Structures are given as structure tokens and as C-alpha cells.
Amino acid sequence: MNGITDLLRNVRPSPELVEKFNQIVSKLNLEYPYHCFQCFKCTSGCTSFRLTEIKPHAFVNLARLGFVEDLMKSDLLWACCQCLKCKERCPQDVAPVDIIFLLRRMTVSSGAEIPEELSKIIMNVTDTGFIQGIQKVKVGEEAVDREQLGLPSLEIPNLDNFRSVLMKALEAQIE
Ligand code: SF4
Ligand code: SF4
């Protein structure tokens, strides 16, 4: 994935992607990134702050400068854990997370690969309704399951409705 240093390549933003980005920002009625005054409040409270080279305030700044293509390959795009703290903290209602979601959608729509772990989570949810398989837990040196702990087994929910909503969302065009 690209970091901020990879952006220092003296390339110009792609006008087509910038136009598409601006169109979607307007269509989704998102607060326009130009309202950001780079106060860093989003970054100072970001849960994923330590995991990424590009921080939320820089993400917003680079988005409004038009580096949409580079941001679609950036580390923060998939490291963001969607805690929404940046949305709550922003005095300008810019919400870096909304821009991150938007670029995720643009990335998926473009057919680019998403991180393998994320694909696994999506598969787990569509197959079982859980983000990960049912795990054993360690009690002392022993790994025990729910039955051994006297807990009821977990029922797999009826996922038909969920799957059809998910498929519709995946098929929806964002242009
Ligand atoms: S908190 Fe809002 S205004 Fe401040 S840097 Fe982040 S996005 Fe910009
Ligand atoms: S939603 Fe993402 S970008 Fe915003 S504070 Fe949480 S982890 Fe950071």
C-alpha cells in the first residue's frame, strides 16, 4: 500500500477521478472536504492512528487536492476501524470517515482487490452471520469451547434477507 512518501511523485491528480469524487460527494450530500481547516482533531482521536502513515486530516487534505487515485491505495483506507470518532470530533462536520467510505466504494467499484482479511470477514458474515468462526477460549492451559463452558450453542441466524440486501448493495452503482 502507498504511504504519504509515495505521493511525493510530482504526479498530477486524475481529472476524471477528481470529477467523479466531487460528483459523489455532492450526490451523497457529504460535507465538502474544502470546509476542513486542518485542525487535527480527527487525527488526535483516531483509533487507527498508530497503524497508518496517512492520518485522517491528511487524508481529507489529499482528497480535496485531488489525489483520489493514490488514496484509493493508501494504508488508512482499510486500516480505519470505523469507530466514527473523527465524525464526532470534527468542528466542520467534514467526517474523514465518510470520505474513507466513499473511496472504499470507489475502490471496490473499480474492481481493485480489497485486503484478504476483509474478504474473509465478508465471506464469514454471508456464510454464518458472524465476522469470524466460533472460537475456543483459553482457560489456564486448556482451550475450551462453549459446550465445555456450559454455554448454549450459537444459532446461525436466517441470512436470506441479509444476503439479498447485501447483494443489492454490492450491485448498486455509485455513479
Ligand atoms: S477535525 Fe475536521 S476540520 Fe479538523 S482536520 Fe479533521 S476533518 Fe479537518
Ligand atoms: S472512523 Fe476511522 S479515521 Fe475516523 S477516527 Fe475512527 S479509525 Fe480513525
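Things worth noting here:
- Violating pairs (Cα-Cα greater than 29 angstrom) within the set LYS85/LYS136; LYS55/LYS120; LYS27/LYS87; LYS20/LYS85: LYS85/LYS136
- Integer Hz, Karplus 6.51/-1.76/1.60 couplings in order for segment 61-74, x for Gly and Pro: 4, 5, 5, 6, 7, x, 7, 4, 4, 5, 5, 5, 10, 7
- Here the label points at PHE49 and LYS138, each 7 Å from Cα along the C-beta direction, are separated by 3.0 nm in the simple model.
- Left without a cysteine partner by the 4.7 Å Cβ rule in the chain: CYS36, CYS39, CYS46, CYS80, CYS81, CYS83, CYS90.
- Mean separation of Cα contacts under 8 Å, 6 or more apart, over the residue count of segment 4-109: relative contact order %: 32 percent
- In terms of packing, defined here as the mean over residues of other Cβ atoms within 10 angstrom, the peptides 60-70, 41-51 line up highest first as 60-70, 41-51.
- Amide H within-cut-off set for ILE54, under 5 Å, with H built and near neighbours excluded: ILE4, ASP75, LEU76
- Within the chain: Cβ-based charge dipole about Cα centre, in debye rounded to nearest 20 (Lys, Arg +1; Asp, Glu -1): 580 debye
- Simple point charges give the picture: +1 on the Cβ of Lys and Arg, -1 on the Cβ of Asp and Glu, and for segment 116-170 a dipole about the Cα centre of about 220 debye.
- Relative to the longest principal axis of the Cα atoms of the chain, helix 160-171 runs at roughly 20 degrees.
Since every read-out is calculated from the coordinates, none of them should be taken as a lab result. For clarity, every value in this text was computed on a predicted model and none was experimentally measured. FYI the Cβ positions are ideal-geometry reconstructions off the backbone, even for glycines, and counts take in every protein chain you see.
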